[in-house]
Amino acid sequence: MIDLKKVETLADWQQLRPEIERTVRDALGLTPRDRPDLQMKTVDEEEYEGYVRRRINYFVEDWERISAWLFIPEDKEESPAILCCHSMVGQGKDEPAGVEGNPLLAFAQHYAQMGYVTLAPDCITAGERVSVGLYPFDTKMYYRDNPRQSAMAKMLWDHVRAIDALCELKRVDNERIGVTGHGFGAQNALFLAALDERVQACVASCGFTRFEDDAAPERWAMQEGFTYIPKFRKAVREGRFPFDWEHVLALATPTPMLILAGLNGDQGNNPNSCKKAVKMTRRIYDLLGASEALAVRCRSKKQDLDLTTRETADSWFERWL
């Protein structure tokens, strides 16, 4: 694994960054591909106080069109935008849209009320993308058709296409695009911020425990259910990973990143491990003169999210977008 402690100068980082990105892309099975025309369509539209909510669909691949909730605030000509990645819930995009699920995780609705254009798409195996005959978050059919790619790479690509969709909207200021998510959604938000330079701010809640610190790292390469990264199976057996979360954070520099950690976050979120990853990444932010653009906030309450924590996230976006 690449040691970030070797980075002592800006020149060191400029030399090491491409190697880290290659390592991450290889582990994910992420390969270059063409972007088909989005051909974005509005399926239906409803007006609410302060915003309009649309159900839209667009192409992510040549033959794959997906559905998403799009929120447009009223009386704004050009607004910042936030992509809202859903948690590991079967209803997918409906939770961040406030249609069903935890109201505190209704990020797309919440930020629309604050004046942001927001978009909440379904990930593979969730919402309207659950394979016939399978439960949500079962990637069996996906890997049958895509044996050389990872589900993590596919989700990353689909979120890149979601940013494409936001950039196509006249109401969006393309220089002010953020991403957020909780748990499963935070993992997606972090990879997107790392590998799509259009992301200008990220808030990730309860997203990770470092692979090396994780008591159950096999969660990332399970044989059944949701298999994130099949190439991690060997890493799990040997206890040696090609990269860790500090490398993902480092790839995002100097993008403003707020890491929110809690005692019982999804997917084994560990506050101390999050702090460790942030500490290792901070040297890169410091070298780039962006020390204030990386922060970690830990809460002690045993709940997924609270109003105080969400207000912290709100302030982060208000500052950086």
Given (1) surrounded by 18 or more Cβ atoms within 10 Å (Cβ to Cβ); (2) farther than 30 Å from Glu175 by Cβ, identify the lone condition not met by Val296.
(2)
Would you please list the contacts, defined by Cβ atoms under 6 Å and residues six or more apart or on different chains, that run from a residue in region 34-47 that is over 11 Å from Arg161 (Cα atoms) to a residue that is polar (S, T, N, Q) and at pLDDT 95 or above?
Lys41/Asn57
Of all residues being out of contact with any Lys or Arg (no Cβ under 9 Å at 6 or more places or on another chain) and surrounded by fewer than 18 Cβ atoms within 10 Å (Cβ to Cβ) in region 123-135, which is nearest to Ala221 (Cα to Cα)? Just the residue, please.
Tyr135
Within region 286-321, take every residue that is charged (D, E, K, R) and modelled with pLDDT of 95 or more and give me the one that is nearest to Ala186 (Cα to Cα).
Asp314
For Arg65, only one of the following conditions fails: (1) free of Cβ contacts under 8 Å to residues at least 60 places away in the same chain; (2) under 18 Å from Val172 (Cβ atoms); (3) among the basic types (Lys, Arg); (4) out of contact with any helix residue (DSSP H, G or I) (no Cβ under 9 Å at 6 or more places or on another chain). What is its number?
(2)
Just one listed residue, out of Ile72, Ile82, is part of a strand (DSSP E or B), touching a Gly at 6+ places or on another chain (Cβ under 7 Å) and not hydroxyl-bearing (Ser, Thr, Tyr), and it is Ile82
Note on region 28-64: residues touching a strand residue (DSSP E or B) at 6+ places or on another chain (Cβ under 8 Å), assigned to a strand (DSSP E or B) and under 30 Å from Phe232 (Cβ atoms) are Phe59, Val60
When Arg283 is evaluated against the numbered criteria (1) modelled with pLDDT of 95 or more; (2) over 30 Å from Asp173 (Cβ atoms); (3) of a type in the set (D, E, K, R), which criterion, by number, is the only one it fails?
(1)
Leu249: crowded, with 22+ Cβ neighbours inside 10 Å, assigned to a strand (DSSP E or B) and at pLDDT 95 or above, yes or no?
no
Which condition breaks for Met88 when tested against (1) in contact (Cβ under 8 Å) with a residue 60 or more places away in the chain; (2) surrounded by 24 or more Cβ atoms within 10 Å (Cβ to Cβ); (3) farther than 18 Å from Glu61 by Cα?
(2)
Residues (surrounded by 15 or more Cβ atoms within 10 Å (Cβ to Cβ), more than 15 Å from Phe243 (Cβ to Cβ) and free of Cβ contacts under 8 Å to residues at least 40 places away in the same chain) located in region 13-31:
none
If you go through Thr253, Thr227, Thr180, the only one that is hydroxyl-bearing (Ser, Thr, Tyr) and within 18 Å of Ser150 (Cβ to Cβ) is Thr227
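Based on what the data block shows, is Leu258 part of a helix (DSSP H, G or I), modelled with pLDDT of 90 or more and under 30 Å from Cys167 (Cα atoms)?
no
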Please work out if Tyr48 is of a type in the set (Phe, Trp, Tyr) and either within 24 Å of Leu260 (Cα to Cα) or surrounded by 15 or more Cβ atoms within 10 Å (Cβ to Cβ) (or both).
no
Cβ-Cβ below 7 Å, separation at least six or inter-chain, first residue in region 120-132 and without any contact (Cβ under 8 Å) to a residue 12 or more places away in the chain and part of a loop (DSSP other than H, G, I, E, B), second of a type in the set (A, V, I, L, M) and surrounded by fewer than 22 Cβ atoms within 10 Å (Cβ to Cβ): which pairs?
Ser131/Met141
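Can you tell which of Glu292, Glu218, Glu224 is farther than 19 Å from His182 by Cα, among the charged types (D, E, K, R) and not in a helix (DSSP H, G or I)?
Glu224
The values are calculated or read from the model by the stated rules, or taken from the named source; none is laboratory data. In this text, all values refer to a predicted model and were calculated from it rather than measured experimentally. Backbone-built Cβ (ideal geometry, glycine too); neighbour counts: all protein chains shown.
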